[in-house]
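Everything on this sheet refers to the single structure shown next.
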Amino acid sequence: IDEFNNHCEWHGVVCNEVDKVIKLMLGNGGLSGRISDAISHLTSIETLDLHDNDLKGSIPSGIGKLVNLSSFIVSYNAITGTIPDGFGNLSNLQLLHIHGNSLRGTVPLLASKGQHYSSFISDCGSPSVFDSPLDCPSCTMCCNSQS
């Protein structure tokens, strides 16, 4: 494969030894649009970092299929909607940064599988700058509290 066609050589993409994508590090990259449902095809991905872009729409429902995901960072975008039901399947999740968006509803109970460190951050504060703040019982920090 020509080195310019190999996805493992693309900016922000890290692959394992069998050329499976394990990290997408595209934070502050000037991206706009939506997170594609095709993201669920990256079954080996461990880190998805899309913070500080101009992403809109909702978090794809297939995100719960990414059982190896340990870091999901989409803070400071324009993401709306609710947290997908399958989110509770992400038992390896250690870093969840979804603040700075307009998400609503409830984040399923998240448990860091015996990990020493976890950081679950969302806009779940009360009183809130939002009409209906996100409910996140597992969050370690709520960013939007007015107090």
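The values are calculated or read from the model by the stated rules, or taken from the named source; none is laboratory data. Computed from a predicted structure; not experimentally measured. Counting neighbours? That spans all protein chains shown, and the Cβs are built from the backbone with ideal geometry, glycine included. Areas reflect the complete protein model, heavy atoms only, side chains present, ligands, DNA and RNA absent. Shrake-Rupley method; radii C 1.70, N 1.55, O 1.52, S 1.80 Å.
As a rough guide to protection, the peptides 75-85, 90-100 ranked by mean Cβ packing within 10 Å, highest first, stand as 90-100, 75-85.
Couplings for segment 82-99, taken from phi via the Karplus curve 6.51 cos²θ - 1.76 cosθ + 1.60 with θ = phi - 60°, read 10, 6, x, 4, x, 4, x, 7, 7, 6, 8, 5, 10, 10, 10, 10, 10, 6 Hz in order; Gly and Pro are left as x.
For Arg34, Arg104, the ranking by accessible surface with the largest value first comes to Arg34, Arg104, using a 1.4 Å probe.
The phi-based Karplus calculation (6.51 cos²θ - 1.76 cosθ + 1.60; θ = phi - 60°) puts the 3J(HN,Hα) values of segment 73-80 at 10, 10, 4, 6, 10, 10, 6, 10 Hz, whole numbers, x for Gly and Pro. Under 5 Å from the amide H of Leu66 lies no amide H of any residue 5 or more positions distant or on a separate chain, with H modelled from the backbone and absent for Pro and chain starts. What the Cα convex hull of segment 1-92 gives, in volume per residue, is 92 Å³. Rounded to the nearest angstrom and listed largest first, the equivalent-ellipsoid semi-axes of segment 25-71 from its Cα gyration tensor are 18, 13, 7. For segment 1-40, rounded, prolate or oblate, judged on the Cα gyration tensor with a ≥ b ≥ c (square roots of eigenvalues), a/c < 1.5 rounded, else prolate if a/b > b/c? Because a/c hits 1.5 or more and a/b exceeds b/c, segment 1-40 counts as prolate. For segment 49-113, the C-alpha radius of gyration sits at 1.02 times the compact-globule guess of 2.2 N^0.38 Å, with N the residue count.
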